[in-house]
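Below: the structure, in structure tokens.
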Amino acid sequence: MAALWEDVLRNKQAVQEAASVAVDAALLEGVLMRTEGEPNASDVVNYAPFTLLPSAVPSALFEQAYAVQQDFNLLVDAISQNKEFLERTLASTIKVDDFTARLFRIHMQVLEEGLAQSVFLGINRSDYMFDCGVDGTPALKQIEINTIAASFGGLTSRTAAVHGRVLKVLGKSKEAARLLPNDPSKGLASGIAKAWELYGSQSAVVMFLVEEVQRNIFDQRCVENELWNRNIRVIRKRFRDVFEKGSLDDAKRLYMDGQEVAVVYYREGYVPKNYDQQNWEARLLLERSRAVKCPDIATQLAGTKKVQQELSQPGMLEGLLPSRTEAVARIRATFAGLYSLDVGEEGDKITATAIADPDRFVLKPQREGGGNNLYGEELRQVLEKIRDSPERTSYILMDKIKPQPAMNYLLRAHSPLQVSECISELGIFGVYVRQGKEMVMNKAAGHLLRTKAIEHADGGVAAGVAVLDTPYLV
């Protein structure tokens with residue numbers, strides 16, 4: 001697998017020419033980000049970082065990842081409706097993790113008041129790596145599932161065209177024809193549109209809730225444009241706009257600037273730094289409304305690392321998905337080893353094991369957005385410090401996945417062109433819509449391949465570490 005484009009990688013001149021074509025193709029296709037210097041202005045933009053060549057992905061594992069996505073959609077939805085499971089699972093975490101605790105308090109408050117929302121929209125992305133076992137056979141292992149603000153569905157819809165152009169320029173038209181069509185932006189928009197339709201007001205708008213700094217605006221615009229093409233009005237607002245101008249009427253309909261909001265699509269609100277006191281109040285207002293939240297707060301909690309770890313315990317999946325034996329088997333086949341650091345004998349034992357052999361594990365806090373995990377010596381130091389403190393329960397421990405690296409060029413604006421040893425992560429987008437108890441839509445909506453140089457242990461595209469890629473099935 002490692003030698004997929006060996007002839008190209010050896011030819012420096014061909015690589016230089018292809019890289020120059022690739023950058024122009026990315027700009028032409030709209031694989032764009034705003035610049036760090038002007039993150040809120042679109043009059044100076046650059047291409048989003050991407051690989052020069054598509055990366056090899058085993059076709060059996062690619063198909064497995066797609067086949068299990070509807071099962072994961074059902075699982076996330078089941079967890080979000082199971083108050084007792086969330087309460088029990090997050091009990092130790094909310095004692096030591098203030099962010100998760102505040103989300104949980106809003107969840108409980110909304111349940112006590114009675115849910116105003118009757119239509120539920122989930123857009124998630126399940127991320128995997130290909131673990132090379134002792135015998136060298138790759139296996140699909142889930143890294144995490146993102147249930148809020150799962151990004152790059154827009155830009156990845158445009159990346160395959162760029163790689164197709166590059167392969168043709170390199171004289172590989174046959175290989176270019178094998179690249180799979182991929183359009184998550186259409187799939188994500190179809191879920192938002194269905195939720196908007198079921199909300200039942202033609203004049204209501206879809207509100208993208210966005211960050212103060214909006215470098216990744218074009219990724220969102222891809223989805224937004226799909227909605228405009230369906231004549232669905234879209235507005236873009238921040239938490240502070242909601243705090244200043246948002247209101248609920250007697251029927252708990254949400255209004256922004258006098259416009260009724262049918263769907264709130266969060267592209268913000270997944271890390272503590274997204275919140276000050278005003279933003280927490282705005283979040284509560286949104287959660288109390290009738291509007292379809294994507295995600296509602298229970299679904300955001302379903303994506304926490306502690307929930308992921310709890311799901312790996314014997315019998316948990318069966319309890320959440322009763323009578324779905326095959327779905328449970330498909331889900332369980334993707335799990336890597338996950339361990340609780342709760343206070344007690346078992347937690348003490350796994351903590352000691354990880355301190356003694358830190359390279360076997362990854363230490364994960366309850367955070368989204370990339371760049372938060374701890375490895376190696378850093379993992380050992382943190383665990384030594386918190387081994388006897390309840391603070392350790394704000395983390396989970398996971399077996400470290402060991403993928404087979406391959407060579408590629410990572411194209412970044414203002415960076416030299418050099419070959420890197422890389423590993424990839426495959427994400428599958430899932431979309432579901434539930435009305436009351438009835439599942440109205442449940443599908444896999446496309447894929448995202450991200451690749452990074454092996455010297456970077458952690459971090460995604462938005463974190464500035466990984467780059468966009470296209471799978472080449474082998």
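The values are calculated or read from the model by the stated rules, or taken from the named source; none is laboratory data. Here the structure is a predicted model, which is why all the values come from computation and not from measurement. Cβ atoms come from the backbone with ideal geometry, glycine included; neighbour counts cover every protein chain shown. We work out accessible area using only protein heavy atoms, side chains counted, and drop any ligands, DNA or RNA first. Shrake-Rupley method; radii C 1.70, N 1.55, O 1.52, S 1.80 Å.
Can you tell me how many residues in the stretch 425-467 are at pLDDT below 95 and within 29 Å of residue 193 (Cα to Cα)?
Final tally of qualifying residues: 3.
Can you confirm whether residue 102 is closer than 26 Å to residue 319 by Cα and at pLDDT 95 or above?
no
Which one is surrounded by the most Cβ atoms within 10 Å (Cβ to Cβ), of the residues in the stretch 293-316 that are touching a Pro at 6+ places or on another chain (Cβ under 9 Å) and over 14 Å from residue 269 (Cβ atoms)?
Checking each candidate, the answer is 302.
Counting only residues that are aliphatic (A, V, I, L, M) and without any contact (Cβ under 8 Å) to a residue 12 or more places away in the chain, which one in the stretch 4-60 is most open to solvent (accessible area, probe 1.4 Å)?
Result: 28.
Yes or no: residue 63 open to solvent by 40 Å² or more (accessible area, probe 1.4 Å) and either among the small types (Gly, Ala, Ser) or within 25 Å of residue 176 (Cα to Cα) (or both)?
yes
Considering each residue of the stretch 381-401, count those that are surrounded by 15 or more Cβ atoms within 10 Å (Cβ to Cβ), in contact with a strand residue (DSSP E or B) (Cβ under 9 Å, 6 or more places away or on another chain) and either hydrophobic (A, V, I, L, M, F, W, C) or not in a strand (DSSP E or B) (or both), and give that number.
Within the stretch 381-401, residues that are surrounded by 15 or more Cβ atoms within 10 Å (Cβ to Cβ), in contact with a strand residue (DSSP E or B) (Cβ under 9 Å, 6 or more places away or on another chain) and either hydrophobic (A, V, I, L, M, F, W, C) or not in a strand (DSSP E or B) (or both) number 10.
Considering only the stretch 121-135, I want to know if a residue exists there that is touching a helix residue (DSSP H, G or I) at 6+ places or on another chain (Cβ under 8 Å) and part of a helix (DSSP H, G or I).
no
For residues in the stretch 327-357 being charged (D, E, K, R) and under 22 Å from the mean Cα position of the chain (by Cα), which is nearest to residue 314 (Cα to Cα)?
Going residue by residue through the stretch 327-357, those that are charged (D, E, K, R) are 330, 332, 342, 345-346, 348-349, 357.
Restricting the remaining residues to those that are under 22 Å from the mean Cα position of the chain (by Cα) gives 330, 332.
On the way: 330: 15, 332: 10 Å.
By that ranking, first place goes to 332.
If you go through the stretch 133-180, how many residues are at pLDDT 95 or above, within 22 Å of the chain's Cα centre (by Cα) and open to solvent by 30 Å² or more (accessible area, probe 1.4 Å)?
4
As an exercise: evaluate residue 197 against (1) out of contact with any Lys or Arg (no Cβ under 9 Å at 6 or more places or on another chain); (2) more than 30 Å from residue 437 (Cα to Cα) and give the number of the one condition it does not meet.
In the conditions (1) out of contact with any Lys or Arg (no Cβ under 9 Å at 6 or more places or on another chain); (2) more than 30 Å from residue 437 (Cα to Cα), residue 197 misses (2) alone.
Please work out which residue is nearest to residue 215 (Cα to Cα), limiting yourself to the stretch 66-86 and to residues that are surrounded by 14 or more Cβ atoms within 10 Å (Cβ to Cβ) and of a type in the set (D, E, K, R).
77
Residue 290 - would you say it is in contact (Cβ under 8 Å) with a residue 24 or more places away in the chain, at negative phi, open to solvent by 60 Å² or more (accessible area, probe 1.4 Å) and touching a Ser or Thr at 6+ places or on another chain (Cβ under 8 Å)?
Taking the combined requirement at face value, the residue satisfies it.
Okay, residues lined up against (1) under 24 Å from residue 111 (Cβ atoms); (2) in a helix (DSSP H, G or I); (3) modelled with pLDDT of 95 or more; (4) in contact with a His (Cβ under 9 Å, 6 or more places away or on another chain):
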| site | (1), (2), (3), (4) |
| --- | --- |
| 299 | yes, yes, yes, no |
| 306 | yes, yes, no, no |
| 310 | yes, yes, no, no |
| 314 | no, no, no, no |
| 323 | no, no, no, no |
| 328 | no, yes, yes, no |
| 334 | no, no, yes, no |
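One residue is enough: does the stretch 269-283 have a residue meeting the conditions farther than 17 Å from residue 297 by Cα, surrounded by 15 or more Cβ atoms within 10 Å (Cβ to Cβ) and modelled with pLDDT of 95 or more?
No, the stretch 269-283 contains no residue that is farther than 17 Å from residue 297 by Cα, surrounded by 15 or more Cβ atoms within 10 Å (Cβ to Cβ) and modelled with pLDDT of 95 or more.
Do you know which of the residues in the stretch 181-199 that are of a type in the set (D, E, K, R) and more than 20 Å from the chain's Cα centre (by Cα) is surrounded by the fewest Cβ atoms within 10 Å (Cβ to Cβ)?
Per the criteria, the residue is 197.
Hey, residue 421 hits all of (1) closer than 20 Å to residue 129 by Cα; (2) open to solvent by 70 Å² or more (accessible area, probe 1.4 Å); (3) touching a helix residue (DSSP H, G or I) at 6+ places or on another chain (Cβ under 7 Å) but one; which does it fall short on?
The single condition residue 421 does not satisfy is (3).
So which residues in the stretch 344-368 are charged (D, E, K, R) and in a helix (DSSP H, G or I), if there are any at all? If you could, list the steps in order and put the result at the bottom.
Taking the stretch 344-368 and keeping what is charged (D, E, K, R), we get 345-346, 348-349, 357, 359-360, 364, 367-368.
If the condition is that a residue be charged (D, E, K, R) and in a helix (DSSP H, G or I), then 345, 346, 348, 349, 359, 360 are the ones that fit.
Which residues, counting only those in the stretch 230-256, are without any contact (Cβ under 8 Å) to a residue 24 or more places away in the chain and open to solvent by 80 Å² or more (accessible area, probe 1.4 Å)?
231, 244, 245, 250
Quick one: would you say residue 206 is under 28 Å from residue 273 (Cβ atoms) and surrounded by fewer than 18 Cβ atoms within 10 Å (Cβ to Cβ)?
no
Output the number of the condition that residue 440 fails; it satisfies all remaining conditions of (1) open to solvent by 40 Å² or more (accessible area, probe 1.4 Å); (2) within 21 Å of the chain's Cα centre (by Cα).
The single condition residue 440 does not satisfy is (2).
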